[in-house]
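Here is the structure we will look at, set down as structure tokens.
The values are calculated or read from the model by the stated rules, or taken from the named source; none is laboratory data. Model, not experiment: these values are computed from the prediction. Methodologically, a virtual Cβ is constructed for each residue, glycine included, from the backbone with ideal geometry; neighbour enumeration extends over all protein chains shown.
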Amino acid sequence: MKKHEKVRFGNYFCSNYELLPDAELEYDWTFTYEACGASRGLSIAYLRSLLNRKGGILMIYVGEQRHRNANSSKMKKYPLIVQMLARVYGGRASVVRKRIKAHRRGRKDVKHYLFLVSKIRTSVGARKKARLDLDVLTWLSGRKKVRLESLSEDLGVTSSEIKSSLRRLEKFKSVINDDNFRFIDL
């Protein structure tokens, strides 16, 4: 029999999800419950979650049919984000439907509610690749045309590392919805 214990968050920080973490190993997890946007911001947030010690968790309440209908695009998009990140960056993804014991707002009774939990676990290699790719995206932001040599020199990495970064970002492009890096001369 599984023993259930009350687990509480020690320290947590609430912020716009696309801004944190900014430094490697700054946090254990990035946790998002029913994020508002599944476009570029959420994709970047979960790319950033690879900088964490452990990774990122996206949760969505499955609930009754009306919830499934209202959240159908999220229920498709969330798993795609973590699975794509795991494939491209070498992390581990899992997507499960899980019953979680909780109080519903305004009610005193405790029930088991069904959630879709999409989780990505990071690694040293995934963290290093994510850091470079975020630096590349930041460097490219707002620039019209860029030379590979300039990008490589400014970031202090080889041109082959930049090319690898751009290939990863190209694979992830369908989820990021960003074409900043199409102006680079290879």
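Looking only at the stretch 143-157, how many residues end up being surrounded by fewer than 11 Cβ atoms within 10 Å (Cβ to Cβ) and farther than 19 Å from Arg131 by Cα? Break it down stepwise before answering.
Of the stretch 143-157, the ones surrounded by fewer than 11 Cβ atoms within 10 Å (Cβ to Cβ) are 144-145, 156.
Those left that are additionally farther than 19 Å from Arg131 by Cα: 144-145.
Going through the stretch 143-157 one residue at a time, the tally reaches 2.
Does Lys119 satisfy being assigned to a strand (DSSP E or B), in contact with a helix residue (DSSP H, G or I) (Cβ under 9 Å, 6 or more places away or on another chain) and modelled with pLDDT of 90 or more? Even if it seems obvious, please write down each step before you answer.
On the way: assigned to a strand (DSSP E or B): yes; in contact with a helix residue (DSSP H, G or I) (Cβ under 9 Å, 6 or more places away or on another chain): yes; modelled with pLDDT of 90 or more: yes.
For Lys119, the condition - assigned to a strand (DSSP E or B), in contact with a helix residue (DSSP H, G or I) (Cβ under 9 Å, 6 or more places away or on another chain) and modelled with pLDDT of 90 or more - is met.
For the stretch 46-53, indicate whether the set of residues that are surrounded by fewer than 21 Cβ atoms within 10 Å (Cβ to Cβ), basic (Lys, Arg) and outside any helix (DSSP H, G or I) is non-empty.
Just the residues of the stretch 46-53 that are surrounded by fewer than 21 Cβ atoms within 10 Å (Cβ to Cβ), to begin with: 53.
Of the ones still in play, those that are also basic (Lys, Arg) are 53.
When the remaining residues are screened for being outside any helix (DSSP H, G or I), the result is 53.
Scanning the stretch 46-53, I find at least one residue that is surrounded by fewer than 21 Cβ atoms within 10 Å (Cβ to Cβ), basic (Lys, Arg) and outside any helix (DSSP H, G or I), so the answer is yes.
Sort out which residues of the stretch 74-97 are assigned to a helix (DSSP H, G or I) and hydroxyl-bearing (Ser, Thr, Tyr), and write them in order of number. Talk me through it step by step, then tell me what you get.
Here is the first cut: in the stretch 74-97, the residues assigned to a helix (DSSP H, G or I) are 74-89.
Residues satisfying the conditions are Tyr78, Tyr89.
Of all residues in the stretch 63-99, which are of a type in the set (A, V, I, L, M) and either within 22 Å of Gly41 (Cα to Cα) or at pLDDT below 85 (or both)? First the steps, then the outcome.
Step one: list which residues in the stretch 63-99 are of a type in the set (A, V, I, L, M), which gives 70, 75, 80-82, 84-86, 88, 93, 95-96.
Those that are of a type in the set (A, V, I, L, M) and either within 22 Å of Gly41 (Cα to Cα) or at pLDDT below 85 (or both): Ala70, Met75, Leu80, Ile81, Val82, Met84, Leu85, Ala86, Val88, Ala93, Val95.
The conditions are (1) in a loop (DSSP other than H, G, I, E, B); (2) closer than 22 Å to Arg99 by Cβ; (3) modelled with pLDDT of 80 or more; (4) not aliphatic (A, V, I, L, M), and Arg8 fails exactly one of them. Which is it?
Condition not satisfied by Arg8: (3).
Given the residues Ile60, Ile100, Ile162, which is the only one that is assigned to a strand (DSSP E or B), β-branched (Val, Ile, Thr), without any contact (Cβ under 8 Å) to a residue 40 or more places away in the chain and out of contact with any Gly (no Cβ under 7 Å at 6 or more places or on another chain)?
Details: Ile60 fails: without any contact (Cβ under 8 Å) to a residue 40 or more places away in the chain; Ile162 fails: assigned to a strand (DSSP E or B).
Within the list Ile60, Ile100, Ile162, the selection yields Ile100.
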